[in-house]
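Taking it in order: structure first as structure tokens, then the write-up.
The values are calculated or read from the model by the stated rules, or taken from the named source; none is laboratory data. What you see is a predicted model; the values in this text were computed from it and never measured. Because the Cβ atoms are built from the backbone with ideal geometry, glycine has one as well, and the counts that use them run over all protein chains shown.
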Amino acid sequence: MSVSTASYVVWAAIGALAVALWWLSYVRPAAVAHPSEVVGRLATHPVGRVLLVLAFLWLGWHLFAR
């Protein structure tokens, strides 16, 4: 397996996990918070806001700059 293939496998696993958590948040809302609630909670704390911006910057760099 090449490094490129391994990278795509990792990204696919992360994407599948994100979709599974999103789906689970709507099927069992008492067990898993909705994505908007998680982002809202992070954005209300100053350190969380900085981490959220850094995460968006990292994601944008890795998805659009390549």
- Message: Quick check on the stretch 22-54: of everything there that is within 20 Å of W11 (Cα to Cα) and in contact with a helix residue (DSSP H, G or I) (Cβ under 9 Å, 6 or more places away or on another chain), which residue is surrounded by the most Cβ atoms within 10 Å (Cβ to Cβ)?
- Response: L52
- Message: Taking the condition of being touching a helix residue (DSSP H, G or I) at 6+ places or on another chain (Cβ under 9 Å) and more than 18 Å from H62 (Cβ to Cβ), how many residues in the stretch 1-21 meet it?
- Response: 2
- Note on the structure: F56 passes all but one of the listed conditions (1) assigned by TED's automatic domain parsing to the domain that holds S4; (2) among the aromatic types (F, W, Y); (3) modelled with pLDDT under 90; the exception is number (1)
- Residues of the stretch 55-66 that turn out to be of a type in the set (A, V, I, L, M, F, W, C) and surrounded by 10 or more Cβ atoms within 10 Å (Cβ to Cβ), as a count: 6
